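I have placed the structure first, in the form of structure tokens, so that the comments after it can refer back to it.
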Amino acid sequence: DGGITQSPKYLFRKEGQNVTLSCEQNLNHDAMYWYRQDPGQGLRLIYYSQIVNDFQKGDIAEGYSVSREKKESFPLTVTSAQKNPTAFYLCASRPEGTGSTDTQYFGPGTRLTVL
Amino acid sequence: QKEVEQDPGPLSVPEGAIVSLNCTYSNSAFQYFMWYRQYSRKGPELLMYTYSSGNKEDGRFTAQVDKSSKYISLFIRDSQPSDSATYLCAMKAAGNKLTFGGGTRVLVKP
């Protein structure tokens with residue numbers, strides 16, 4: 001059963017704590033992305049990776065970090081430096097050969113709440 | 001001003017009606033246009049993809065792009081309660097990242 005999985009579905013964190021969100025795909029996609037979604041603001045790009053061991057900052061990378069040690073996995077760490085981390089986080093991946101169209105496929109998301 | 005503008009709604013229609021959604025944009029370099037559907041607390045799913053201007057039809061869905069007016073539309077015919085969701089437009093220029101609209105919430109009432 002192919003797809004993109006994100007875990008956990010809901011996550012609660014105390015202020016000052018780092019937390020890592022998981023994203024795994026078994027679609028053999030090279031490119032992976034992390035977005036943040038806030039009500040009425042659409043999706044904003046945090047980080048993306050086009051190949052293993054390489055990643056680039058998106059529009060709102062401050063307070064976040066990522067790693068891409070395996071093709072299948074692209075975890076996102078929300079650090080204590082992120083001032084407003086409560087949001088819905090979405091991971092996406094893109095098939096090979098669609099670089100121009102950038103047709104992305106999304107996981108189910110993780111809702112992070114900072115208490 | 002946002003690069004992509006989309007009315008947040010909600011847009012409420014009776015079952016069987018045509019749903020009409022649109023986005024306007026300011027970047028004339030955008031060439032690739034997409035519509036995603038997102039159910040509550042779920043990830044977006046790709047509905048339609050269009051390159052440059054013109055129309056594209058897929059079942060009950062029709063996507064239109066008017067690059068001269070910087071305006072894209074999505075029409076849903078014979079709407080069903082299961083079409084109730086948030087619809088996101090997304091677009092990009094060649095080699096650049098996707099830019100999303102804020103989404104329009106649609107309610108189809110039985």
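Provide the net charge surrounding residue A:61, with neighbours chosen by a C-beta distance below 13 Å and charges set as Lys +1, Arg +1, Asp -1, Glu -1.
Charge balance near residue A:61 sits at +2.
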In straight Cα distance, which lysines are under 23 Å from residue B:56, not counting same-chain residues fewer than 8 positions off? B:67, B:70, B:92, B:97
Compute, for the protein assembly as shown, the length of the dipole vector about the Cα centre, with Cβ point charges of +1 (Lys, Arg) and -1 (Asp, Glu) only. Units Debye, rounded to 20. 440
For a quick check: with amide H placed at 1.01 Å from N, whose amide H comes under 5 Å from residue B:11's, ignoring anything fewer than 5 positions away on the same chain? B:105, B:106, B:107
Top mean-square fluctuation among A:95, A:39, A:85, Gaussian network model of chain A, C-alpha springs under 10 Å? A:39
Shielding of A:35-48 by partner chains, average beta-carbon count, 10 Å: 4
Out of B:70, B:56, B:97, any idea which swings most in a Gaussian network model of chain B, alpha carbons joined below 10 Å? B:97
HN-Hα J couplings of segment B:69-83 from phi, Karplus 6.51/-1.76/1.60, θ = phi - 60°, integer Hz, Gly and Pro as x? 9, 6, 8, 10, 9, 10, 10, 10, 8, 6, 4, 10, x, 5, 7
Take the alpha-carbon centre of segment B:1-33, take the same for segment A:1-35, and report the distance between them in whole Å. 28
Along the charge dipole of the protein assembly as shown, pointing to its positive end and built from +1/-1 on Cβ of Lys, Arg, Asp and Glu, which listed residue (A:34, A:17, B:55) has its Cα farthest out? A:17
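Using a cut-off of 10 Å between beta-carbons, work out the net charge of the residues near residue A:87 (Lys and Arg +1, Asp and Glu -1, residue A:87 not included).
+2
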Give me the extension gain from residue B:67 to residue B:42: residue separation times 0.36 nm, minus the current Cα-Cα distance, reported in nm with one decimal. 5.9 nm
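Per-residue mean of other chain beta-carbon atoms within 10 angstrom of the beta-carbon, peptide B:90-103?
Numbers: counts 5, 1, 3, 2, 4, 3, 1, 8, 11, 5, 7, 3, 7, 6.
The shielding value for this peptide is 5.
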Using the Cα centre of chain B as the reference point, and only Cβ charges (+1 on K/R, -1 on D/E), how large is the resulting charge dipole? Debye, rounded to the nearest 20. 260
Please list the non-local residues whose amide H lies under 5 Å from the amide H of residue A:13, H modeled 1.01 Å from N, same-chain partners needing a gap of 5 or more. A:113, A:114, A:115
Explain nothing, just compute: Karplus ³J(HN,Hα) = 6.51 cos²θ - 1.76 cosθ + 1.60, θ = phi - 60°, for every residue of segment A:30-47 in order, whole Hz, x for Gly and Pro. 6, 8, 9, 9, 10, 10, 10, 10, 10, x, x, 10, x, 9, 10, 7, 9, 8
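The numbers here are math on the coordinates, done by the rules we state, and not lab data. Fair warning: this is a prediction, and the values are worked out from it, not measured in the lab. Positions of Cβ are generated from backbone atoms using ideal geometry, with glycine treated the same way; all protein chains shown enter the neighbour counts.
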